[in-house]
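Chemist: Input: one structure, supplied below.
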Number of protein chains: 2
Amino acid sequence: MRRKDFPSSPLGLHRVIEPAGALPQAAWRLDPSPELWPDEARVRVDRLNLDAASFRQLSGAAAGSSNGGGTDLAAALRAAVLGIVAERGKMQNPVTGSGGMLTGVVEEVGPDSPLGLAPGDRIATLVSLSLTPLAITDGLARWDGRSEQIPCDGHAILFGRSIAAVLPADLPVPLALAVLDVCGAPALTSRVVRQAAAGGAAPAVAILGAAGKSGSLSAVAARKAGARSVIGLVPTRAEADLLTSAGLADQVVIADARDPAAVAESVRAAGGPAQVTVVCVDVPGCEGGAVLATADGGTVIFFSMATSFSAAALGAEGVAADITMLIGNGYVPGHAALALDLVRAEPGVRRIFENRTAEG
Amino acid sequence: MRRKDFPSSPLGLHRVIEPAGALPQAAWRLDPSPELWPDEARVRVDRLNLDAASFRQLSGAAAGSSNGGGTDLAAALRAAVLGIVAERGKMQNPVTGSGGMLTGVVEEVGPDSPLGLAPGDRIATLVSLSLTPLAITDGLARWDGRSEQIPCDGHAILFGRSIAAVLPADLPVPLALAVLDVCGAPALTSRVVRQAAAGGAAPAVAILGAAGKSGSLSAVAARKAGARSVIGLVPTRAEADLLTSAGLADQVVIADARDPAAVAESVRAAGGPAQVTVVCVDVPGCEGGAVLATADGGTVIFFSMATSFSAAALGAEGVAADITMLIGNGYVPGHAALALDLVRAEPGVRRIFENRTAEG
């Protein structure tokens, strides 16, 4: 079952059907057929984990089309995901552009695959579903539509550079999957806070959405990397209580992350403005608040896939804010191990993840 | 003519009609009425300069609706811009989210305005049209639709933090306006290249779209900031000849910036990968090429308003690229003076600007 009719690329260019020449992430449609090129590996999928922005968008659209009934809603969500995967050969939300990740068992490994995987390995992908060829064979019948973690049977293809992590034996799979899904956030936060601390005084770090998954991990990472103070911003009293009891932030403030003036004022009152601001809120419209909460010379890291490039660029320019704005690259070397170690070491983070994984 | 019914904000929050609480840039609709709050200034507008991504989008849409006739096209473009400004109280392209800038003469200055302007000053705004309250009174009758520089009569409002530059006496207004429109790009490029050079070896810098306005200025800025080599990427032989004759790049390569493999290969062949890559191409789909052209540990600066946040974030993650990706903040202290000085000192850049200003 090897395909050699034309050569493969470690980036997966050989699986792009349209438009020709695009990278798989940017492509509209991929070829998910199970036959492998020599440097590929195939995974038997058992679970998809949609990213938060995508799941939120799909849920909203499904609620609009299903009159709100629970059964209807689940059916509408299943139909939406199945339709996308059938049309595109990958699970990439056409509205948000984002995907998520998957877990499964390695089924076959091409002789030239550089990933170091063996058949039988239980893995999670660390590259996005938005570039991973995928076919679903069970109609998602076991998904109740209430969680972004979708039980699923099917197969996926890993290219030469599609990095994956063997799932740790000491953590439950849903927990490990949820942690690996956002592991780029704490890794990049850690790097930026370390650089800021090395360049002068220890920074104040504001985390927007600090009681969420990427937010709680980023809060802990910031503290360990030398933050002077971690300011956690959350939208509700319930989230504030959760964050306070987890002990992950020095200051907990409540504000709507989409309200720029409120965000700026609450961060200021908690000891800001921040030298580093980390945006982990998966709703549109958080750019302005992040800009205003950040001190001149400071840095904003945008992890939310709901971030608008032009809103961030023009928002900072529009208020003459001399700040550095980073697109949250999901890849930082060592990110998976760093995030898993944070969860092992910090019971507060683990509680937040277990809480969120159970509820969703 | 002072309004004191409720207090003003230097950010312009008091001019936001909907949605309440949004910053002017993110708002759908602003109040452009001419009466001033005490910290505002009003400008008699004589020219709008749409940003390149917006003008390209509007032109494409107008061509689609006007059957391609020149007169029809101009009428369709006028109607589009007038419609946006009438509906939103500002010139913000709803598709690209971007705006541009304007020139005019200061007409009235509130007693508390911190901008240092006086009535009669000829100025250009350095904040985006996407956040500047604007009313047009001449129907754009003098605009032929062929250039993004629009002769215009009307008024605009400057908030306390809406920075503006008095136009230099030694440069023609269309030239100065075109330079100021993109002055954030060379300033941020200069800073990033300087930092890279300070941290180790002088960097190779790739400029995608190097024969354009922001691209040519960024190329010169990179060289002055200590680049080891400037690699200019352009789409056509004509642009390559223009760039070569201007003498702004050490290497000139021809490739479609939307073709990731072609961009990576041509930059590599010219001495790359780059430690710093600057994206100045105002078409969608340039994220992948920029990522692949950049060395591990390097930096990509995205200046194009056509950049997709998720395509950049997931594109880098998808190929395990450990690179820093910056959202091109249009504000860097001293950016206007730096860009104008580059044009004064570099005849090659000035020729490119005069060429582009004349043709468009």
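The values are calculated or read from the model by the stated rules, or taken from the named source; none is laboratory data. This one's a predicted model, so the numbers in the text were calculated from it and none came from an experiment. Positions of Cβ are generated from backbone atoms using ideal geometry, with glycine treated the same way; all protein chains shown enter the neighbour counts. Quick note on the areas: whole protein, heavy atoms, side chains included, nothing else; ligands and nucleic acids left out. Shrake-Rupley method; radii C 1.70, N 1.55, O 1.52, S 1.80 Å.
Chemist: Rank by packing, highest mean first: peptides B:263-272, B:310-319, with packing defined as the count of other Cβ atoms within 10 Å averaged across residues.
Modeler: B:310-319, B:263-272
Chemist: Turning to a different aspect of this structure: Points 7 angstrom from Cα along the Cβ direction at residue A:122 and residue A:35: gap in nanometres?
Modeler: For the pair residue A:122/residue A:35, the computed spacing is 3.3 nm.
Chemist: What three numbers, in Å, describe the spread of the alpha carbons of the stretch B:43-127 along their principal axes, ordered from the longest?
Modeler: Result for the stretch B:43-127: principal-axis Cα extents of 50, 24, 22 Å.
Chemist: Next question. Using Cα centres only, tell me the gap between the stretch B:246-312 and the stretch A:23-86 in whole Å.
Modeler: After rounding, the separation between the Cα centres reads 31 Å.
Chemist: Under a 5 Å amide H to amide H cut-off, with H placed in plane at 1.01 Å, what residues pair with residue A:100 once short-range neighbours are removed?
Modeler: It is A:51, A:129, A:130, by chain and number.
Chemist: Then there's this: Per-residue HN-Hα couplings for the stretch B:322-334, Karplus 6.51 cos²θ - 1.76 cosθ + 1.60 at θ = phi - 60°, whole Hz, x for Gly and Pro?
Modeler: Karplus-based 3J(HN,Hα) across the stretch B:322-334 equals 8, 10, 8, 10, 9, 7, x, 5, x, 10, 9, x, x Hz.
Chemist: Can you send over the solvent-accessible area of residue A:28, 1.4 Å probe, protein chains only, in Å² to the nearest 10?
Modeler: For residue A:28, the solvent-accessible surface is approximately 90 Å².
Chemist: Moving on to the next point. Can you give me the long-range amide H partners of residue A:274? Hydrogens built in the peptide plane at 1.01 Å from N, cutoff under 5 Å, separation of 5 or more residues or another chain.
Modeler: A:294, A:295
Chemist: Let me ask another. Using Cα positions and a limit of under 12 Å, work out the aspartates and glutamates in reach of residue B:90, with same-chain residues fewer than 8 apart set aside.
Modeler: Within reach: B:31.
Chemist: Also: For the stretch A:199-245, what % of the accessible area comes from carbon and sulfur atoms, probe 1.4 Å?
Modeler: Using a 1.4 Å probe with all protein chains present, the stretch A:199-245 comes out at 56 percent carbon and sulfur.
Chemist: Give me, ordered by chain and number, the residues 5 or more places off residue B:282 or on other chains with an amide H under 5 Å from its own placed amide H.
Modeler: It is none; the list stays empty.
Chemist: In what sequence, highest mean first, do B:242-254, B:218-230 appear when ranked by Cβ atoms within 10 angstrom?
Modeler: The densest-packed peptide leads the list: B:218-230, B:242-254.
Chemist: How large is ³J(HN,Hα) for each residue in the stretch A:96-106, as worked out from phi by the Karplus curve 6.51 cos²θ - 1.76 cosθ + 1.60 (θ = phi - 60°), to whole Hz, x for Gly and Pro?
Modeler: Each residue's phi maps through the Karplus curve to give 8, x, 9, x, x, 8, 9, 10, x, 10, 5 Hz.
Chemist: Report the Cα centroid-to-centroid distance between the stretch A:161-200 and the stretch A:313-360 in angstrom, as an integer.
Modeler: Their Cα centres are 8 Å away from one another.
Chemist: While we're on this one: Mind checking the angle between helix B:52-66 and chain B's longest principal axis? C-alpha axes, 0 to 90 degrees, to the nearest 10.
Modeler: 70 degrees
Chemist: A follow-up question, please. Need one word for the stretch A:168-280: rounded, prolate or oblate. Basis is the Cα gyration tensor (sqrt eigenvalues a ≥ b ≥ c); a/c below 1.5 gives rounded, then a/b vs b/c decides.
Modeler: oblate
Chemist: Continuing with this model, one more query. Give the residues of the stretch A:121-137 whose amide nitrogen is closer than 11 Å to a point set 7 Å from the Cα of residue A:105 in the direction of its Cβ.
Modeler: The answer is A:121-123.
Chemist: I would also like to ask the following. At a probe size of 1.4 Å, how large is the accessible area of residue A:331, to the nearest 10 Å²?
Modeler: Counting only protein heavy atoms, residue A:331 exposes about 40 Å² to solvent.
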